[in-house]
Structures are given as C-alpha cells and as structure tokens.
Amino acid sequence: MNTTEILSAIDAEIGKLMQARSILSDYSVPVAIRRGPGRPKKIASAPQRAATVPHVKAVKRGMSAEGKARIAAAQKKRWAVAKKLAKTAI
C-alpha cells in the first residue's frame, strides 16, 4: 500500500465514525475535528444569562479615616525599626 491509499482509507473510516456519532448523538451537523487557537466560539443555542439576570453594580468599599491612621502609624513604626537596625548594622 502506498501513502495515498492509506490516507484515503483513514479518511473513509473517519467519515464512517463521524456519521455513527451524529446518529447516536442526534446531531445534524458533524462535530469539527480540528480546533484552532484561542477561546471557543459561543454556541447560538446556549441560554443568554445576561438577559435574565439584572445587572447589579458592585459597591466599592471605603476605608475610614481611623483605619488609614492606624495603617500609617503601623508603617511608621516599621520604618523606625528598620532605620534603627540599619544604624546598628553599620
């Protein structure tokens, strides 16, 4: 057997298997074998969730003035310790 005969036999077998799969799965369109790079395309029969669920805007969380002051004080304390360690290391 040469290469072209082998390839044609493989293609014929693939065609038979795709027909059997479409019959068993009740698909009218055979399934694509090769997939390209990137995100898969949307299926037209998929339900649209965006149309049924209303859009709710997320609420941003804020920080109180006391919270900011506590964080600033803690950071200044860390800097003071680091500065003291740097002076003693020299």
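Worth a mention:
- Approximating the spin labels as points 7 Å out from Cα along Cα→Cβ, the residue 79-to-residue 18 distance works out to 6.8 nm.
- Ranked by how many other Cβ atoms sit within 10 Å of their own Cβ, fewest first, the residues 23, 90 fall in the order 90, 23.
- Two-site label geometry, residue 57 and residue 70: point separation in nm, points 7 Å out along Cα→Cβ: 2.9
- In plain terms, the chain from residue 25 to residue 86 could stretch by 14.7 nm, reckoned as 0.36 nm per residue minus the Cα-Cα distance.
Rule-based calculations on the coordinates, nothing more; no lab input. What you see is a predicted model; the values in this text were computed from it and never measured. Cβ: placed from backbone, ideal geometry, glycine included. Neighbour counts: every protein chain shown.
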